Amino acid sequence: MAERKQWKWADDPSLNKMELTKLEKDGLDVIETIVNTYSKEGFQSIESSDMDRFKWAGVYQQRPKDGHFMMRVRIPGGLLNSEQARVLAKIAEDYGRDLVDVTTRQAVQFHWLTVESLADIFDRLAAVGLSSFEACGDCPRTIMGNPLAGIDPHEVLDTRPLVAELEKFFLLNREFSNLPRKYKMSISANIHNAAHAQINDLAFTPAKKTIAGEEVIGFHVWVGGGLSAKPYLAKKLDVFCRPEEVVKVAEGVTTLFRDYGYRQKRTHARLKFLVADWGAEKFKEELVKLVGELEPQGEDLLQGWNGGYFYGIHEQKQKGLYYAGLSVPVGRMDASELVELARLADEYGDGTIGTCNTQNVLIRNIPKDKIAAFQAEPLIVNRFKLQPNTFVGYAVSCTGTEYCNLAIVETKERMRALALYLDETVELDTPLRIHMIGCPNSCGQRQIGDIGLQGALVKTPSGMVEAFDIHVGGTLEEPQFNRKLNARITVDKLGPFLAQLITLYKADRLEGEPYWRYVERVGLERIQEQVDSILQTA
Amino acid sequence: MSEEQTETYLYKLEAVLEEGRLLTVVVLANSDERAFSAAENNILRHTVAPPHIKELSLVEKKPIGRQGVGYVIETSHF
C-alpha cells in the first residue's frame, strides 16, 4: 500500500462517512487488494468497507447483488485500436456472458464478471494499454473527446495528444484519487461540440485569439456541468487556454475541486455546487492563483451541436480518406460483433475504432476505393448501419433494471423495441433524439434528449406496470434541459402515445425544425394540450 | 420485477387521489411490491375516510446503506 496522503481536510469533523472511509484507505489501494486477495479468495472474502472502493478499480456490484460485477473500461477520447477491441471482445466472451456495451461517456462496459476474474482482466487490459482504473469512483473518469480527432474536417486542431497527456497525468495520480465526488472531463476541438461540453465538470472547447499579433488556436474552459437528479449546465470561464496550457489548467481546476469541493454531503459534492456558489468570476480568480495568469476569452469557435452523431460515409480532412459512422442500437453488441468490427477496421481503415457518446461507433481512414466493399459487409448491412432509421439511430438508453440496483424499470431492450416500433409507425426524416432512463440518476442523459423518458412503476389492478414520465425539449444546441409534462404513460401505451405525439409535431413543424426547437416555438402548454388530447382518446 | 432484493431501500411513491389531490409517500421496504403495499397502508392511516387512489406510482428508490438518505418533497403553500 502506498504511503497515506495527509490531506488538509482530514481533520474536518463534518466530513461524511464515505470521506472517512477514503481517508482510511485510498480508493486506488483496493486494486492491489483485489489482485492479491479478493481475486484469489473469492467474493466472500471482500471486506464491506472495500466494496465501495471497488469503483476505483472501475468495478461495481451489479443487480441483483449476488456476486457479479459490472466493469467500465476507459477509452480515452473514444479511440481504440483493433488489437484492443479484440482483447475487449475476448474478455466479454470469457467472463462477461458475451455482452459489450458502449456507454454515453465513450467507455466500454462489461457485466457478469466475478471477482476471481478481475486480476486476469486487469492484466489483459494492461497488455494492450487499456485500463478500467478510475472509470468509476471519486476521481477523474474517462476523458471524453472527439472520436474523429485528427481526421475531422470540423476540428480546429488534433486533440489526440492532449487527451493522451491528460490521461497520462490523471490516471493513477494519487494527488487526484480522492476527490469529493466523481469528476468528468472532456476535450474536443470539433466546432460542433462533439463532446457535450456543458454537461461535464471540466470541458475544453475550440477557440481562437490573436495574441501579440499571432493568431492562436486554443480552447475555452467550462466548469461545473453535470446531469443526475440536479442537472446543471457548465459555466464558461473568462479564459483562453493555449493547447500547451491544457494540462496545467486541468490540474488547477481539479485541485480547486479537490481542496475546496464540498465533502460534508455526498449529494452536494460535485463541482457544480462549488461553481454555483462561487460563480465563474471567483472560480477564475482562484484558478489564476494556482496556475498563473491566463489570457481572457477569445473568439468562440463553437457552432451549434452535432449531438455526437456521425452516421454515414464522410470525407476526412485528409483528401481521399473517409470515415464511417455506424449505428449500434442502444450501444449493445456481442463479442463476435466487436471482433468483426475490429476486422473491418483493419481491412478497410487504419485499425482504429471510435466510440461515440451516443453509444455508437465509427471506423476511420477508409480509402475511397474500398468504400463500396465496406458498405456491402454483412455487419454494416444488417447490424451497424450507416444510415439507421430515425428512431433506432437516435435512441439512447441507460442499463436499467437488468443490471442496475437503482433502476426502477427495464430500459435497454425496451428502448430498442420502442425505437423499432416508432420506425415502423412514423415516417420521419428529421433526427429525433429519445433518451430513456430507469431512475433519476440519468445515466442515459435524459435531460438532453428531444424527448426524455424517465421510468416509474405504476400499481394497477393486475399488478405493477412499468411506465414513463415524458420530458420534452432538451438540447445542447442552445443549451437547455428538457421539461416534464403531466403524463405518466404505461409501457403498453408508450409506443402509440409517442407515435401520436411525434405525428402532431411532424404536421405542425416548420421545415427542418428539430423537435427541441419546435417545443420552444410552440411552448410547453401547447405540447401539454397535445398530450391531454392524445390521452383523452386513448 | 418481483425479485426479492438483498437490500432495503427508501422508496418514493406518488399517489393521485380521486378528487385530484396528490400525495408523495416515502416508505422503507425490501421489495417493490412491499413498497406499494406499505405506501397504501400509510395513505390509509393518513386519511379519515378510505381514500380512492386513482394512481399509485413508484418513482425512486435509494439504498439505505448510508445515514441521511432521504428525499426532498416539493409542496405548495397552503
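The values are calculated or read from the model by the stated rules, or taken from the named source; none is laboratory data. All values reported here derive from a predicted model rather than from experimental measurement. Using ideal geometry, Cβ is built from the backbone for each residue, glycine included, and neighbour counts are taken over all protein chains shown. Just the protein is used for accessible areas: all its heavy atoms, side chains included, with ligands, DNA and RNA removed. Shrake-Rupley method; radii C 1.70, N 1.55, O 1.52, S 1.80 Å.
Given A:Gln530, A:Gln536, A:Gln500, which one is modelled with pLDDT under 95 and not in a strand (DSSP E or B)?
Selected residue: A:Gln536, the only one of A:Gln530, A:Gln536, A:Gln500 that is modelled with pLDDT under 95 and not in a strand (DSSP E or B).
For the condition more than 30 Å from A:Asn360 (Cβ to Cβ), open to solvent by less than 20 Å² (accessible area, probe 1.4 Å) and of a type in the set (Ser, Thr, Tyr), what is the one hit in A:Ser82, A:Ser39?
The unique qualifying residue is A:Ser39.
Just for region A:248-269: of the residues that are β-branched (Val, Ile, Thr) and out of contact with any Cys (no Cβ under 7 Å at 6 or more places or on another chain), which one is surrounded by the most Cβ atoms within 10 Å (Cβ to Cβ)?
Filtering region A:248-269 for residues that are β-branched (Val, Ile, Thr) and out of contact with any Cys (no Cβ under 7 Å at 6 or more places or on another chain), the one surrounded by the most Cβ atoms within 10 Å (Cβ to Cβ) comes out as A:Val253.
Going by the conditions given, is A:Gly473 of a type in the set (Gly, Ala, Ser), in contact with a strand residue (DSSP E or B) (Cβ under 8 Å, 6 or more places away or on another chain) and more than 14 Å from chain B (Cβ to nearest Cβ)?
yes
Being within 16 Å of A:Ile199 (Cβ to Cβ), under 25 Å from the mean Cα position of the chain (by Cα) and in contact (Cβ under 8 Å) with a residue 40 or more places away in the chain, is that true of even one residue in region A:451-470?
No; the residues of region A:451-470 include none that is within 16 Å of A:Ile199 (Cβ to Cβ), under 25 Å from the mean Cα position of the chain (by Cα) and in contact (Cβ under 8 Å) with a residue 40 or more places away in the chain.
Name the residues in region B:8-29 that are in a loop (DSSP other than H, G, I, E, B) and either modelled with pLDDT of 95 or more or loosely packed, with under 14 Cβ neighbours inside 10 Å (or both), would you?
B:Glu18, B:Glu19, B:Gly20, B:Arg21
When A:Thr503 is evaluated against the numbered criteria (1) within 22 Å of B:Ser57 (Cα to Cα); (2) away from chain B (no Cβ under 11 Å); (3) surrounded by fewer than 17 Cβ atoms within 10 Å (Cβ to Cβ), which criterion, by number, is the only one it fails?
(1)
State the number of residues belonging to region A:429-468 that are among the aliphatic types (A, V, I, L, M), more than 9 Å from every other protein chain (Cβ to nearest Cβ) and open to solvent by less than 10 Å² (accessible area, probe 1.4 Å).
Within region A:429-468, residues that are among the aliphatic types (A, V, I, L, M), more than 9 Å from every other protein chain (Cβ to nearest Cβ) and open to solvent by less than 10 Å² (accessible area, probe 1.4 Å) number 7.
Can you tell which of A:Val223, A:Val216 is β-branched (Val, Ile, Thr) and under 20 Å from A:Asp138 (Cα atoms)?
Unique residue meeting the criteria: A:Val223.
Starting from region B:48-76, keep only residues that are more than 10 Å from every other protein chain (Cβ to nearest Cβ) and closer than 24 Å to B:Arg21 by Cβ, then list their pairs with residues that are open to solvent by 90 Å² or more (accessible area, probe 1.4 Å) and not aromatic (Phe, Trp, Tyr) whose Cβ atoms are within a distance under 6 Å, requiring at least 6 positions of separation or different chains.
Close Cβ pairs (under 6 Å, with a partner that is open to solvent by 90 Å² or more (accessible area, probe 1.4 Å) and not aromatic (Phe, Trp, Tyr)) amount to B:His52/B:Glu18; B:Lys54/B:Glu18.
Going by the conditions given, is A:Val59 β-branched (Val, Ile, Thr), touching a residue at least 24 places away in the same chain (Cβ under 8 Å) and either open to solvent by less than 20 Å² (accessible area, probe 1.4 Å) or on the phi > 0 side of the Ramachandran plot (or both)?
In short, yes.
Table: residues versus (1) modelled with pLDDT of 95 or more; (2) touching a Leu at 6+ places or on another chain (Cβ under 9 Å); (3) farther than 20 Å from A:Leu476 by Cα.
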residue	(1), (2), (3)
A:Leu166	yes, no, yes
A:Phe169	yes, no, yes
A:Ser177	yes, yes, yes
A:Ala189	yes, yes, no
A:Phe204	yes, yes, no
A:Lys208	yes, yes, yes
A:Gly218	yes, yes, yes
